[in-house]
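Taking it in order: structure first as structure tokens, then the write-up.
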Amino acid sequence: MTDLGLPDGILACLFDLDGVVTRTAAVHAAAWKQMFDGFLHERDGDAFRPFTDADYDEFVDGLPRADGVRTFLASRDITLPEGGPDDPADARTVHGLGNRKNALLLERIRAGGVAAYDGTLRYIEAVRARGLRTAIVSSSANCRDVLRSIRAEHLFDVRIDGVVAAERGLPGKPRPDTFLAAAGDLGVAPSRAAVFEDALAGMDAGRAGGFGYVVGVDRAGRADALYAHGADLVVSDPAELLGDR
Ligand SMILES: [Mg+2]
């Protein structure tokens, strides 16, 4: 292992955004819950079964927005028309619900701002100082704005986010395609790249893509689940990998 806490031969690090670089995972979870509980209440009245933390972990976290809507609804045997990306936030369609969630998310972000995890930023700076290349790999269509707001755009050589994935037709996590595209853009074989992720779907993507090292970032006390989904190592923050430095 190197003093970056990575196996020898790793040349690039691929970082998820929400929950790894920024403290936005909880904001996403809250916006999803608000949206789904509103929808389910509208549909089933007071007998509705609320959207739970386990639903978030299993069906939504890390996925592109529309996939998250569809996957959770399928778990409750609910099918809605697809609609289109420009559907208004009150449309009862997959994209309408996704846009409703995004509007709630942006409201929350605007109200509270976005904070970074300083340990992750410190780790990324250390990685770059050693000559490794870095990418941000996020399902979020708001990735670029979020990175700008924490002044961290310059820390990544490559950005594969929801916007780029849509342009290139890349399926999102748990499929490995967005991580593979980032490694490809960096000119590094997957076996020479490390993935940093906090979502179960991100672990699945890391394993499916044959990446050299998959680091689970556990902000929520669910290390066992991250290991079960393919983590090589689970840390509570990437800075732990730097040891005492
Ligand atoms: Mg995440």
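Taken together, the values in this text are just the output of simple stated rules run on the coordinates, not laboratory data. Note that the coordinates shown come from a computational prediction; the quantities given were computed from them, not determined experimentally. FYI the Cβ positions are ideal-geometry reconstructions off the backbone, even for glycines, and counts take in every protein chain you see.
Summary of values
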| quantity | calculated |
| --- | --- |
| Length-normalised contact order for the chain - Cα pairs under 8 Å, 6+ apart - percent | 25 |
| ³J(HN,Hα), Karplus 6.51/-1.76/1.60, whole Hz, each residue of the range 36-45, x for Gly, Pro | 5, 5, x, 5, 5, 5, 4, 7, 10, x |
| Within the chain: Cβ-based charge dipole about Cα centre, in debye rounded to nearest 20 (Lys, Arg +1; Asp, Glu -1) | 480 |
| Dipole of the range 82-174, positive end: most advanced residue of 102, 85, 119 [Cβ charges, Cα centre] | 119 |
| Whole-Å distance, taken between Cα centres, linking the range 117-142 and the range 1-52 | 18 |
| Contact order normalised by residue count of the range 103-192, Cα under 8 Å, 6+ apart, percent | 26 |
| Theoretical gain in end-to-end length, residue 92 to residue 125 [0.36 nm per residue, Cα-Cα removed] | 7.5 nm |
| The range 26-112 - charge dipole about Cα centre, Lys and Arg +1 at Cβ, Asp and Glu -1, debye rounded to 20 | 200 |
| Distance between modelled label sites at residue 240 and residue 111, nm, 7 Å Cα→Cβ extension | 3.2 |
| Mean projected area in nm² (Cα convex hull; one quarter of hull surface) for the chain | 12.9 |
| Proximal charge balance of residue 85 [Cβ under 15 Å; K/R count +1, D/E count -1] | -1 |
| From phi via Karplus (6.51, -1.76, 1.60), per-residue ³J(HN,Hα) for the range 4-16 in Hz, x at Gly/Pro | 8, x, 10, x, 3, x, 6, 10, 8, 10, 10, 10, 5 |
| Separation of the residue 80 and residue 163 label points, Cα + 7 Å toward Cβ, nm | 2.5 |
| Length-normalised contact order of the range 26-112 in % [C-alpha pairs under 8 Å, at least 6 apart] | 28 |
